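Asker: This is the structure I want to talk about, given as structure tokens.
The values are calculated or read from the model by the stated rules, or taken from the named source; none is laboratory data. Bear in mind the structure is a predicted one, so any value in this text is a computation, not a measurement. As a convention, Cβ positions derive from the backbone with ideal geometry for all residues, glycine included, and neighbour counts pool all protein chains shown.
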Amino acid sequence: MKKIQLLSLFIVTAFAVSCASVSVRTDYDDTTDFSTYKTYGFLKDGIDKAEISDLDKRRIMKALEAEFTARGFTKSETPDVYVNFFTKASKEVNVNNWNGGWGYGGWGWGGYGWGGPWGWGGNYSSVSTSTEGTLYLDIIDAKKKELVWQGVGTGVLTQDREQKQERINEFVKKIVAEYPPKQ
């Protein structure tokens, strides 16, 4: 019985982590007219400093190109804005304690579960870890060389190679959905 309960707890925890959403927040310069920006380019020097693998950098750039193209922007050697990104990651440790008693055990009549002191129940603990990542997306005015918009997405990362591009796409899509800001 304990194995079934622990397996169920593991499955629920894994499902919750895999379905974790990306939370997004933004900041921008109120004086900027974002409607004048039609072209973009990547800020290579900034992206080179991102402390992630070159494979993940390419995955992020691929997702950004898809989102900006879908929004009508054109990639250019002489862009209106430069796109830069960087990342941070931290380990999250989650401890869950469960009281698996049925019936009245522990809550009233003698402190016993169904069937007296031999009834089903018990306390269970689980510990899970996940990596929470943050993707910072900067939009820099190419002429002024000033940051005009920043989007930040935070969520649980995956180490599964097959799921990385999908998860990166989700991060980028949710962040870019906030650009340009509704002023």
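Asker: Are any residues in the range 164-183 more than 11 Å from Val24 (Cβ to Cβ) and either of a type in the set (Val, Ile, Thr) or in contact with a Cys (Cβ under 8 Å, 6 or more places away or on another chain) (or both), and if so, which ones?
Answerer: Listed by number, the list holds a single entry, Ile168.
Asker: To continue, here is another question. Just to be sure, is Lys57 over 18 Å from the mean Cα position of the chain (by Cα), modelled with pLDDT of 95 or more and charged (D, E, K, R)?
Answerer: no
Asker: Still on this structure, please answer the following. Give the residues of the range 4-27 that are at pLDDT 95 or above, within 17 Å of the chain's Cα centre (by Cα) and not basic (Lys, Arg), sorted by residue number.
Answerer: Scanning the range 4-27 gives Val22, Ser23, Val24, Thr26.
Asker: Further, regarding this structure: Tell me yes or no: at least one residue of the range 113-120 is modelled with pLDDT under 95, part of a loop (DSSP other than H, G, I, E, B) and on the phi > 0 side of the Ramachandran plot.
Answerer: yes
Asker: Taking the options Asn97, Asn123, Asn84, name whichever one is loosely packed, with under 14 Cβ neighbours inside 10 Å and at pLDDT 75 or above.
Answerer: Asn97
Asker: Just give me the residues in the range 127-183 being within 22 Å of Lys49 (Cα to Cα) and small (Gly, Ala, Ser), in sequence order.
Answerer: Gly133, Ala142, Gly151, Gly153, Gly155, listed by residue number.
Asker: I'm trying to understand the selection: among the residues of the range 42-84, which are within 18 Å of Gln165 (Cα to Cα) and among the aliphatic types (A, V, I, L, M)?
Answerer: Matches in the range 42-84: Ile47, Ala50, Ile52, Leu55, Ile60, Met61, Ala63, Leu64, Ala66, Ala70.
Asker: How many residues does the range 137-173 contain that are under 15 Å from Arg59 (Cα atoms) and in contact with a strand residue (DSSP E or B) (Cβ under 9 Å, 6 or more places away or on another chain)?
Answerer: Residues flagged as under 15 Å from Arg59 (Cα atoms) and in contact with a strand residue (DSSP E or B) (Cβ under 9 Å, 6 or more places away or on another chain) within the range 137-173 amount to 9.
Residue by residue, here is whether (1) part of a loop (DSSP other than H, G, I, E, B); (2) without any contact (Cβ under 8 Å) to a residue 60 or more places away in the chain; (3) more than 15 Å from the chain's Cα centre (by Cα) holds:
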{"site": "Tyr136", "(1), (2), (3)": "no, yes, no"}
{"site": "Val148", "(1), (2), (3)": "no, no, yes"}
{"site": "Val152", "(1), (2), (3)": "no, no, no"}
{"site": "Gly155", "(1), (2), (3)": "no, no, no"}
{"site": "Gln163", "(1), (2), (3)": "no, yes, no"}
{"site": "Arg167", "(1), (2), (3)": "no, yes, no"}
{"site": "Glu170", "(1), (2), (3)": "no, no, no"}
{"site": "Lys173", "(1), (2), (3)": "no, no, no"}
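Asker: Next up: Looking at the range 22-55 only, could you name the residues that are crowded, with 16+ Cβ neighbours inside 10 Å, in contact (Cβ under 8 Å) with a residue 60 or more places away in the chain and out of contact with any Phe, Trp or Tyr (no Cβ under 8 Å at 6 or more places or on another chain)?
Answerer: Val24 - this is the single residue of the range 22-55 that is crowded, with 16+ Cβ neighbours inside 10 Å, in contact (Cβ under 8 Å) with a residue 60 or more places away in the chain and out of contact with any Phe, Trp or Tyr (no Cβ under 8 Å at 6 or more places or on another chain).
Asker: Can you spot a residue in the range 28-47 that is assigned to a loop (DSSP other than H, G, I, E, B), hydroxyl-bearing (Ser, Thr, Tyr), touching an Asp or Glu at 6+ places or on another chain (Cβ under 6 Å) and at pLDDT 95 or above?
Answerer: Checked the range 28-47: at least one residue is assigned to a loop (DSSP other than H, G, I, E, B), hydroxyl-bearing (Ser, Thr, Tyr), touching an Asp or Glu at 6+ places or on another chain (Cβ under 6 Å) and at pLDDT 95 or above.
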